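The values are calculated or read from the model by the stated rules, or taken from the named source; none is laboratory data. Nothing here was measured: the structure is a model prediction, and the numbers come from that model. We place every Cβ from the backbone using ideal geometry, glycine too, and count neighbours over all the protein chains shown. Remember, those area values only see protein heavy atoms, side chains included, never the ligands or the DNA or RNA. Shrake-Rupley method; radii C 1.70, N 1.55, O 1.52, S 1.80 Å.
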Amino acid sequence: MPKFTPALCLALIVAASTASAAEGGATRADAEAMVKKGVSYIKSAGDAKAYGEITAKAPQFILHDLYLVVYKLDGTVVAHGANPKMVGKNLIELKDIDGKAFVKERVDLAKSKGTFWQEYKFTNPENKKIEPKAMYCEKLADTVVCGGIYL
C-alpha cells in the first residue's frame, strides 16, 4: 500500500485545486496569466483602447472573480475591470479594513520591484464580503497592471 501513497496525495491535490476552480475562484496562475495578457494587450493595442476594454469588462479580461486594474504610479486608476466609477480617481490614500495603505504600497512596490505579489483585504465583488486578497502586479512604463485573487 505505501507505494500508492504518493499517487493518492497527488490525486487529492488535483481534486482540491479543481474544486476551488469549480467554485468560481481564480488561482495565482490565472492572475499571473491575466496580468501578462493585459500587459501584452496594452502594448499592442495602445493605452486608450486597452484601458477601455479592461474597464468595459471585455471577456478576455474577466475570469470568475479575477479582473484587471491599472494604476498610474501616482495612484490614479486608469482602468478598472470591476468598478468603472474608480477610473480617474486617485486612490493613493485608500486603506483596507486593517489600515493598510495598499494602493500606496502597490505603487511603491511597482517602482522598486517591477513584478510582485501583494496581500491585503478587499470586498469580493461576487459575494460582497471583505476577504483576504492577493494581487499580482507588473510595472508597465508609468503604470502598474494588477489582477487579484481572493484567498
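The combined condition, being in contact with a strand residue (DSSP E or B) (Cβ under 9 Å, 6 or more places away or on another chain) and at pLDDT below 95, is not fulfilled by L91. Somewhere in the range 102-119, is a residue farther than 25 Å from I42 by Cα and either surrounded by 15 or more Cβ atoms within 10 Å (Cβ to Cβ) or out of contact with any helix residue (DSSP H, G or I) (no Cβ under 6 Å at 6 or more places or on another chain) (or both)? No, the conditions are met nowhere in the range 102-119. A search for C-beta distances below 6 Å between a residue of the range 104-128 that is free of Cβ contacts under 8 Å to residues at least 60 places away in the same chain and any residue that is polar (S, T, N, Q) and part of a strand (DSSP E or B), counting only pairs 6+ apart in sequence or on different chains, returns R106/Q118. The residue pairs whose first member lies in the range 61-77 and is under 14 Å from E32 (Cβ atoms) and hydrophobic (A, V, I, L, M, F, W, C), whose second member is open to solvent by 40 Å² or more (accessible area, probe 1.4 Å) and part of a loop (DSSP other than H, G, I, E, B), and whose beta carbons are closer than 9 Å, counting only pairs six or more residues apart or on different chains, are L66/T27.
Filtering M135, M86 for residues that are open to solvent by 30 Å² or more (accessible area, probe 1.4 Å) and within 25 Å of K43 (Cβ to Cβ) leaves a single hit, M86. Candidates are the residues of the range 37-66 that are modelled with pLDDT under 95 and open to solvent by less than 40 Å² (accessible area, probe 1.4 Å); the one that is farthest from L140 (Cα to Cα) is D65.
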